[in-house]
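Just so you know, all these numbers are worked out from the coordinates, no wet-lab data involved. Everything quoted here is computed from the prediction, not taken from an experiment. In this analysis, Cβ positions are derived from the backbone assuming ideal geometry, glycine residues included, and neighbour counts consider all displayed protein chains.
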Number of protein chains: 2
Amino acid sequence: MASIYFTPGPAQLYPTVEKHLQKALDSQALSQSHRSQGFKDLYKRADAALKELFNLPASYAIYFTGSATEIWERSLQSLTANSSFHLVNGSFSGKYLEHAQWLGRKADAHQVPFGQGFDIAQVHIPGQAELIGIAQNETSSGVSTPVSDIHALKARYPEPLLSVDMVSGAPYAQLDFNLVDMAFFSVQKGFGLPAGLGVWLVNEKCLAKATSLQGQQYTGGHYSIASLHEFYQQFQTPCTPNVLAIYLLTHVVEDMLAKGIDVIRKETDAKADMVYSFLEESELFQPFVQEPAHRSPTVLVAEVKSRPASEVISKLKEQGLVLGSGYGKFKDQHVRIANFPAVSETDMDRLVKAMRLL
Amino acid sequence: MASIYFTPGPAQLYPTVEKHLQKALDSQALSQSHRSQGFKDLYKRADAALKELFNLPASYAIYFTGSATEIWERSLQSLTANSSFHLVNGSFSGKYLEHAQWLGRKADAHQVPFGQGFDIAQVHIPGQAELIGIAQNETSSGVSTPVSDIHALKARYPEPLLSVDMVSGAPYAQLDFNLVDMAFFSVQKGFGLPAGLGVWLVNEKCLAKATSLQGQQYTGGHYSIASLHEFYQQFQTPCTPNVLAIYLLTHVVEDMLAKGIDVIRKETDAKADMVYSFLEESELFQPFVQEPAHRSPTVLVAEVKSRPASEVISKLKEQGLVLGSGYGKFKDQHVRIANFPAVSETDMDRLVKAMRLL
């Protein structure tokens with residue numbers, strides 16, 4: 001019998017993926033040239049569906065990359081000449097900072113301990129920062145930054161470009177895209193797709209900044225915003241992209257729109273409440289994140305109190321329930337439970353019941 | 001009825017792809033973490049199969065990227081501090097040169113007109129070149145550089161790293177990997193897979209050079225050879241890769257090994273001979289590449305003599321035979337016929353018969 005994957009990515013496939021995959025094969029969409037009208041039509045359809053899902057202003061552009069990780073690098077190359085600022089509360093927000101350091105940028109950070117969120121009033125960003133990086137959902141620790149805090153950060157610092165890593169928060173996180181400048185995610189998390197595609201949402205202010213840096217420094221060459229945008233205007237990509245992933249993303253986003261993103265958000269909240277309520281009252285588990293407002297609704301991290309986490313993971317795996325292990329040094333103390341749209345309320349109920357019986 | 005794709009990539013899918021895709025879904029391999037033992041086992045298996053297929057010395061490393069295009073950039077970042085040299089005879093070999101220019105390297109080139117190959121004796125490479133880039137098969141013009149010429153180039157210039165773009169020549173091209181330092185390809189051409197994966201074959205000399213440059217310059221950060229190699233030693237990748245493409249590649253390479261790479265090469269030669277013989281005697285077509293020794297066995301380019309190429313392409317498409325159009329400004333004069341392993345002798349025979357009746 002098939003297992004249910006509660007892993008934080010690669011994750012459970014969205015229920016319609018297999019059907020769309022079959023259709024991609026039957027229609028020979030995967031043999032079609034990425035310079036053909038057929039591909040342009042697909043990209044245009046992806047663009048329209050994603051704009052609707054995220055309620056993007058029409059002026060936004062959407063680019064595809066090989067991974068979200070690549071967008072850390074490309075955004076810094078195309079959008080900063082000297083300095084960036086990072087809000088760091090875990091491994092992934094820390095990696096954005098590391099990319100800036102590798103690229104020789106003056107990279108400052110506001111850091112809080114692993115497992116904590118930010119008090120936006122305490123964040124002080126130096127005037128020269130050209131870009132602020134923040135993770136809306138820190139996949140390593142299960143800490144989420146409420147979108148209202150991200151919007152408040154923009155109100156306090158309107159000038160620097162605000163770049164939001166929503167890798168494990170999309171499409172749940174209801175960002176106001178008038179109040180951020182770019183965001184990005186990969187498809188193997190909340191969209192329930194096979195891995196291998198990064199999606200980059202970029203506003204006009206980013207494009208203007210990228211244009212101003214073009215010719216002044218190495219902005220990413222073929223993979224710079226300037227290059228991506230030039231191709232985007234014809235619904236093309238600089239190099240042959242992961243066409244299958246774009247195909248599946250387009251169809252899954254359309255399925256999500258048909259279901260209703262509000263319904264998906266409500267279901268996500270209900271499933272998250274179910275798990276957190278159980279963790280609060282459990283003898284064996286407790287929520288790792290202390291502050292309820294910072295507990296992620298999409299990647300839930302539980303501390304295992306009196307046993308090695310690996311034992312819990314093994315026992316649940318035997319029952320076809322696959323959890324993620326704790327990140328890095330928390331491997332033996334934490335379990336991570338992805339609460340993505342591909343996981344149904346019935347699945348989550350089954351998991352909670354099984355955890356209760358451990 | 002399904003069409004047959006003779007397009008130079010994305011191309012006809014290898015006949016076993018659909019079966020392997022179904023198995024990937026059934027085994028839930030696409031939900032599995034890229035940090036799991038299951039993924040490590042897959043990478044290890046891919047590594048062994050590719051080493052056998054290309055007859056790679058054991059010391060070679062194999063890395064995965066988002067595309068072959070990315071390897072132009074990453075190889076220059078990780079392997080050159082100052083200068084590179086490029087043999088240019090078409091758009092794709094020209095793009096490797098462009099990447100070097102974008103990265104601020106002193107990039108020299110030996111250029112010959114579109115449609116021509118190289119006389120290796122005429123190539124003079126300045127002493128400071130750290131890397132020589134050459135396309136074993138120029139997808140834009142249908143010119144192939146015989147592997148013996150590539151080996152001769154190494155004999156004349158043993159010092160610089162020899163980097164071979166075999167994007168549309170693999171796995172047919174029988175390179176002696178003791179006589180080149182790195183090579184790369186993407187999977188949507190000769191391997192008949194959905195697009196979205198670059199494969200990079202790297203020897204110890206490259207690794208040593210990359211190590212020497214580490215800390216001296218930006219070598220590609222997370223995507224540098226140093227980083228790729230650190231992860232490779234555990235059969236891991238720096239970021240979440242296109243797991244599905246790696247899965248399919250592994251299985252298709254194993255199928256190719258079972259069939260025998262020599263058989264595949266012989267079939268490729270027989271199909272190429274069939275097409276070139278027809279082009280030679282045709283009233284409507286002629287081989288674009290004049291010099292028989294430089295005619296590609298894997299991407300065959302034909303000039304259409306008395307009609308627009310688009311008309312020929314449309315008429316064949318109606319019969320379910322999809323050709324590639326000419327590259328760039330040759331769009332209206334050329335057709336490109338990919339002769340990859342996924343195209344059978346029966347398919348090619350059908351195409352030639354249809355072309356004869358035009």
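Looking down the axis that turns chain B into chain A, the chain B residue with its beta carbon nearest that axis, and the gap rounded to whole angstrom, comes out as B:Gly66, 1.
Taking Cβ atoms as reference points and 14 Å as the exclusive limit, the residues near B:Asp262 contribute a net charge of 0, counting Lys and Arg as +1 and Asp and Glu as -1.
For a test of the definition: using alpha carbon positions, the gyration tensor, and the 1.5 limit on a/c, classify segment A:315-358 as rounded, prolate or oblate. Verdict is oblate for segment A:315-358. For chain A, what class follows from the C-alpha gyration tensor (a ≥ b ≥ c being the square roots of its eigenvalues): rounded when a/c is under 1.5, otherwise prolate if a/b is larger than b/c, else oblate? Note, shape of chain A comes out oblate. Cα gyration tensor of segment A:1-99, axes a ≥ b ≥ c as square roots of the eigenvalues: rounded (a/c below 1.5), prolate (a/b > b/c) or oblate? Because a/c hits 1.5 or more and a/b fails to exceed b/c, segment A:1-99 counts as oblate. Between B:Gln286 and B:Ser27, the simple label model (points 7 Å from Cα in the Cβ direction) yields a spacing of 5.2 nm. Rounded to the nearest 500, the helix-only mean residue ellipticity at 222 nm of chain B stands at -12500 deg cm²/dmol, with each DSSP H run of n ≥ 4 adding -39,500 (n - 2.57).
Taking B:Lys154 as the anchor, which lysines have their alpha carbon closer than 16 Å to its alpha carbon, excluding any fewer than eight residues away along the same chain? Straight-line reach from B:Lys154, under 16 Å: B:Lys205.
Among the listed pairs A:Lys271/A:Lys317; A:Lys23/B:Lys23; A:Lys95/A:Lys353; A:Lys40/B:Lys19; B:Lys23/B:Lys266; A:Lys209/B:Lys189, those with a Cα-Cα distance over 26 Å are A:Lys95/A:Lys353; A:Lys40/B:Lys19; B:Lys23/B:Lys266; A:Lys209/B:Lys189. Can you tell me the relative contact order of segment A:302-358? Whole percent, Cα pairs under 8 Å, sequence separation 6 or more. For segment A:302-358, the relative contact order is 34 percent.
Give me the percent relative contact order of segment A:34-158, please, defined on Cα pairs under 8 angstrom at least 6 residues apart. Before the final figure, lay out each step's value.
Values: 145 pairs, mean separation 28.3, N = 125.
After rounding, I find 23 percent.
Where in segment A:323-358 are there trypsin sites (Lys or Arg not before Pro) that are in a DSSP coil and have at most 15 other Cβ atoms within 10 angstrom of their Cβ? Counting only loop positions with at most 15 other Cβ atoms within 10 Å, the trypsin sites (Lys or Arg not before Pro) in segment A:323-358 are A:Lys331.
Each pair of Cα atoms in the protein assembly as shown enters the Kirkwood radius, and Stokes-Einstein at 25 °C and 0.890 mPa s then converts it into a translational diffusion coefficient of 93 µm²/s. Once the Cα-Cα distance is subtracted from the 0.36 nm per residue extended length, the A:Asp176 to A:Ala258 segment shows a gain of 27.4 nm. Couplings for segment A:179-190, taken from phi via the Karplus curve 6.51 cos²θ - 1.76 cosθ + 1.60 with θ = phi - 60°, read 10, 10, 10, 7, 8, 7, 7, 10, 8, 8, 10, x Hz in order; Gly and Pro are left as x.
Taking every C-alpha pair closer than 8 Å and separated by at least 6 residues, the mean separation divided by the residue count of chain B gives a relative contact order of 24 percent.
The distance between label points at A:Arg156 and B:Lys317 comes to 5.6 nm (points 7 Å beyond Cα on the Cα→Cβ vector). Reported to the nearest whole Å, the Cα centre-to-centre distance from segment A:304-358 to segment B:317-341 is 52.
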